[in-house]
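Comments concern the structure below.
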Amino acid sequence: MKRVLLLSLMLITISVTSQVTNQGSPLSWKLLSDQDQIAAKALPSFDLEQVRAEDALNDYKFDKPWRFGYMHSVDFGFEDGQWTTLKNGDRIWRLAVESKDALSMNFIFDEFSIPQGSSVYLYNDDRSDLLGAYTSIQNQESGILGTWIVKGEKVWIEYFEPANVLGQGQLHIAKATHGYRNADTFQAAKGLNDSGNCNLDVDCSIGSDWEDNKNHNKRSVGILLSGGSGFCTGALINNTNNDGTPFFLTANHCYSNPNAWSFRFGWISPNPVCAANTNSTNGPTTQTISGATLKARSTNADFCLVEINNDIPTEWNRVFAGWDRSDIVPPFTVGIHHPSGDIMKICRDDDSPSKEANAGAQTWEILGGGGQGWELGVTEPGSSGSPLFDDQGRIIGQLYGGAAACSGTNDNNAFDYYGRLGVAWDTGSSATTRLEDWLDPQGSNPVVLNSFPALEVLDLDAAVSVDIPEVSCGETIISPTISLTNFGLNDITTAVITWQIDNGTISTINFNGALSQNQTESFSLDPIDLTEGDYTFNVVLVSVNGTDDQNESNNEIATDFSVGGSSDQYATLQVVLELLTDDYAEETSWEFREVGGAVLYSDSYNEGSDDNTTFIETFNVDLDNCYEFELFDSYGDGICCQYGEGEYSLSTSDGEVIFEGAEFTDSELTQMSIGGELSINDASLASISLYPNPATSEITLSIGNTNDSSSYSLYNTFGQLLEQGVVSQNKEVISVSGYTTGIYFIVVKNTVTSIESTLRFIKQ
């Protein structure tokens with residue numbers, strides 16, 4: 001069994017007060033145009049490969065934080081930026097900070113004290129991402145402020161100071177974080193769409209018996225940026241005053257001084273992806289607030305309760321979740337969370353959890369009662385602190401750790417642990433170590449408490465959904481199922497539903513019957529044969545019981561899908577496999593084949609000699625065809641992480657990653673569509689070969705089908721040029737015996753056409 005992992009962070013201690021961000025815009029955007037004339041402060045480089053190597057070891061350990069960024073110590077003040085005085089005497093100060101190849105940046109001020117009327121904004125170079133305004137509300141005795149994340153490698157900090165308070169502001173930045181594997185809401189290593197493919201976006205269906213609770217409670221969950229370098233999850237939680245006090249419950253192992261925390265709510269995909277090899281659509285990111293105050297925390301149930309320092313804006317439409325402290329085992333449980341810093345996901349276990357002691361914490365175990373882990377979805381690093389809801393939609397715990405993970409679009413049937421709210425309620429010796437003093441200020445001693453505002457159930461609330469089973473690459477026939485669910489109190493006797501693909505013919509489904517609350521009626525459509533391409537399947541609930549539905553939010557759905565392999569096509573003539581074996585290479589084998597066809601390439605490995613060894617294989621492919629790669633492990637534990645740190649990737653000939661992974665059970669299958677138009681570089685690469693690969697002492701470059709002269713340049717993974725030369729008579733032998741073990745790149749350039757092609761090899 002995989003070792004238990006803590007799912008997020010133990011981070012440094014800093015401090016700040018609260019502020020709602022993403023409001024207004026910097027004054028310079030309207031008045032000044034000399035942004036390009038201000039030189040940026042450049043952060044030094046760091047050994048990213050070493051950092052990633054550390055992450056590979058630490059991500060799955062109890063006592064190590066999961067980090068997304070490398071934090072630099074800096075010394076930036078007013079003297080490092082540029083002042084501009086306006087005609088009325090007001091001033092604007094701007095500082096640009098740049099960290100090459102950063103996916104994102106965020107900062108910690110160790111001096112933040114600005115007068116009333118002043119403001120601070122942060123934004124990236126193209127102004128596509130903005131934080132602010134931070135105002136005098138942030139001022140506190142410590143003078144410390146931590147910011148949320150801004151995408152990009154160059155970020156501007158702008159301070160506005162009115163003429164009547166000139167010279168009263170103090171700003172100094174002590175820390176700057178280079179985000180190397182998250183970009184918050186952006187496509188990156190630990191951001192949008194990076195969680196495993198078995199995860200379900202929160203708006204995916206997990207059962208009609210919990211649909212109302214899901215739509216209600218997702219409004220309580222938020223992603224937490226703690227300590228400037230990592231993520232957790234948590235939820236707003238209600239108290240017996242039912243007054244919207246912004247209490248936020250997360251895990252104790254996520255703790256750093258919460259005055260430095262930043263929160264983001266409502267990050268939900270508008271087009272949910274449900275355990276599929278497709279990407280979620282980005283959602284709104286404007287509900288961001290900073291700073292909180294610690295109320296209570298303890299290791300006995302791994303909980304941490306804070307109060308966000310400012311009220312949650314009413315227009316955000318947030319929910320303060322209810323809770324159940326009875327410690328009674330529920331029939332099933334649901335988790336809502338942000339795995340790997342990704343957009344909001346949901347998971348469900350249809351079995352009752354068991355009560356287990358785990359590393360000193362009293363927990364719920366997802367796997368207990370003879371279960372097989374999660375039936376839908378999983379959790380991941382970054383999910384730590386996320387709420388566990390019971391069948392009634394009340395919080396009964398928060399995520400402590402576990403070993404659950406994706407194996408392709410399936411989960412690995414492993415366990416997770418949640419600290420028990422019933423234990424955290426009153427087992428502490430003081431108010432700082434228990435929940436009851438904060439969640440029950442009335443002293444009424446309830447066992448359960450409903451949410452604030454309470455979940456409203458309407459008389460007439462019907463919802464439509466559609467399921468389109470994923471088709472194999474190259475297939476063009478779909479078999480959709482449309483479902484009608486009754487979430488209202490009254491029975492549904494009639495309903496009119498329409499559906500269409502794109503702007504095509506509208507078809508109608510007429511329901512007549514008796515559908516009671518939480519029941520679902522499904523309609524299987526005849527198979528539909530389409531031409532290769534991308535489509536949108538639209539479903540609309542026109543009427544229910546001869547009138548309008550009382551809840552219009554779930555009456556329409558638009559689902560994007562593809563057939564024939566048109567989505568995520570890769571223009572290449574070669575697919576490259578890079579495989580690092582684990583401690584038991586003899587358990588590993590693979591096949592590369594056409595979808596529905598014969599095996600084209602395959603291999604297996606030997607005990608001992610092939611352990612912990614990197615292998616590179618190249619597969620020749622044809623355009624407009626579909627292929628699949630399947631990696632097998634005979635023992636059923638994948639190639640990572642208990643017995644070695646194995647991993648593998650599939651990429652195009654120019655380095656575009658098709659798939660990468662490590663954790664699975666018996667096998668993992670990846671399908672890919674090869675098509676589109678080859679670029680000039682892709683076309684030229686087909687006539688170039690490099691061998692042997694891996695190499696020990698020398699490599700040979702061979703270039704065919706041209707009389708033009710070519711040159712080559714050899715680089716290491718840091719982009720440093722190691723040597724250059726000319727390819728003589730279309731073939732060149734290059735000595736690599738003097739280079740250290742690792743990955744290298746050769747750029748081959750046609751000196752007549754200036755076409756360049758890049759090849760990768762391993763020096764053993």
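Values computed for the structure shown
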| item | result |
| --- | --- |
| Test: residue 520 is within 31 Å of the chain's Cα centre (by Cα), under 30 Å from residue 493 (Cα atoms) and in the same structural domain as residue 467 (by TED's automatic domain parsing) | no |
| Leading residue by the ranking (farthest from the chain's Cα centre (by Cα)) among those in segment 565-579 that are assigned to a loop (DSSP other than H, G, I, E, B) and buried (at least 20 other Cβ atoms within 10 Å of the Cβ) | 572 |
| Checklist (1) assigned by TED's automatic domain parsing to the domain that holds residue 481; (2) buried (at least 19 other Cβ atoms within 10 Å of the Cβ); (3) not in a strand (DSSP E or B) applied to residue 582, failing item | (1) |
| Residue in segment 291-301 that is outside any strand (DSSP E or B), buried (at least 22 other Cβ atoms within 10 Å of the Cβ), touching a residue at least 12 places away in the same chain (Cβ under 8 Å) and hydrophobic (A, V, I, L, M, F, W, C) present | yes |
| Counted residues, segment 485-500 - those being buried (at least 16 other Cβ atoms within 10 Å of the Cβ), outside any loop (DSSP other than H, G, I, E, B) and not polar (S, T, N, Q) | 4 |
| Tally of residues being at pLDDT 85 or above, among the β-branched types (Val, Ile, Thr) and either at positive phi or out of contact with any Gly (no Cβ under 8 Å at 6 or more places or on another chain) (or both) across segment 698-740 | 6 |
| Residue 74 assigned by TED's automatic domain parsing to the domain that holds residue 104, surrounded by 12 or more Cβ atoms within 10 Å (Cβ to Cβ), in a strand (DSSP E or B) and modelled with pLDDT of 85 or more | yes |
| Number of positions in segment 725-744 that are in a loop (DSSP other than H, G, I, E, B) and surrounded by 10 or more Cβ atoms within 10 Å (Cβ to Cβ) | 3 |
| Residue within segment 451-461 that is among the small types (Gly, Ala, Ser), part of a strand (DSSP E or B) and in contact (Cβ under 8 Å) with a residue 60 or more places away in the chain present | no |
| Among residues of segment 75-112, those that are touching a helix residue (DSSP H, G or I) at 6+ places or on another chain (Cβ under 8 Å), of a type outside the set (Phe, Trp, Tyr) and over 30 Å from residue 47 (Cβ atoms), counted | 8 |
| All positions within segment 153-165 that are surrounded by fewer than 22 Cβ atoms within 10 Å (Cβ to Cβ) and either within 15 Å of residue 179 (Cα to Cα) or aliphatic (A, V, I, L, M) (or both) | 153, 154, 163, 165 |
| Odd one out for residue 315, checked against (1) under 26 Å from residue 225 (Cα atoms); (2) surrounded by fewer than 19 Cβ atoms within 10 Å (Cβ to Cβ); (3) touching a residue at least 12 places away in the same chain (Cβ under 8 Å) | (3) |
| Candidates 638, 597, 655, 608 - the one that is of a type outside the set (Ser, Thr, Tyr), in contact with a Gly (Cβ under 9 Å, 6 or more places away or on another chain) and part of a loop (DSSP other than H, G, I, E, B) | 638 |
| Residue ID - modelled with the highest pLDDT, chosen from residues in segment 24-68 that are acidic (Asp, Glu) and part of a loop (DSSP other than H, G, I, E, B) | 47 |
| Flag for residue 228 being modelled with pLDDT of 90 or more, buried (at least 24 other Cβ atoms within 10 Å of the Cβ), assigned by TED's automatic domain parsing to the domain that holds residue 316 and touching a strand residue (DSSP E or B) at 6+ places or on another chain (Cβ under 8 Å) | no |
| Unmet criterion (only one of (1) at pLDDT below 90; (2) in contact with a Leu (Cβ under 6 Å, 6 or more places away or on another chain)) for residue 467 | (2) |
| Some residue of segment 85-98 being under 30 Å from residue 645 (Cα atoms), surrounded by fewer than 19 Cβ atoms within 10 Å (Cβ to Cβ) and out of contact with any Leu (no Cβ under 7 Å at 6 or more places or on another chain) | no |
| Residue among 518, 503 that alone is exposed (fewer than 14 other Cβ atoms within 10 Å of the Cβ) and assigned to a loop (DSSP other than H, G, I, E, B) | 503 |
| Where residue 339 falls short, out of the listed (1) out of contact with any helix residue (DSSP H, G or I) (no Cβ under 8 Å at 6 or more places or on another chain); (2) surrounded by fewer than 17 Cβ atoms within 10 Å (Cβ to Cβ) | (2) |
| Of residues in segment 235-264 being modelled with pLDDT of 95 or more and of a type in the set (Phe, Trp, Tyr), the one farthest from residue 339 (Cα to Cα) | 247 |
| Top-ranked residue of segment 82-97 - restricted to ones that are assigned to a strand (DSSP E or B) and out of contact with any Lys or Arg (no Cβ under 9 Å at 6 or more places or on another chain), ranked as farthest from residue 34 (Cα to Cα) | 91 |
| Members of segment 521-552 that are exposed (fewer than 11 other Cβ atoms within 10 Å of the Cβ), assigned to a strand (DSSP E or B) and of a type outside the set (Ser, Thr, Tyr) | 529 |
| Test result for residue 562, in a strand (DSSP E or B), in contact with an Asp or Glu (Cβ under 9 Å, 6 or more places away or on another chain), exposed (fewer than 15 other Cβ atoms within 10 Å of the Cβ) and modelled with pLDDT under 95 | no |
| Whichever residue in segment 250-290 is among the aliphatic types (A, V, I, L, M) and in a loop (DSSP other than H, G, I, E, B) and, among such residues, is farthest from residue 672 (Cα to Cα) | 251 |
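The values are calculated or read from the model by the stated rules, or taken from the named source; none is laboratory data. This one's a predicted model, so the numbers in the text were calculated from it and none came from an experiment. All Cβ positions, glycine included, derive from the backbone under ideal geometry; neighbour counts span all protein chains shown.
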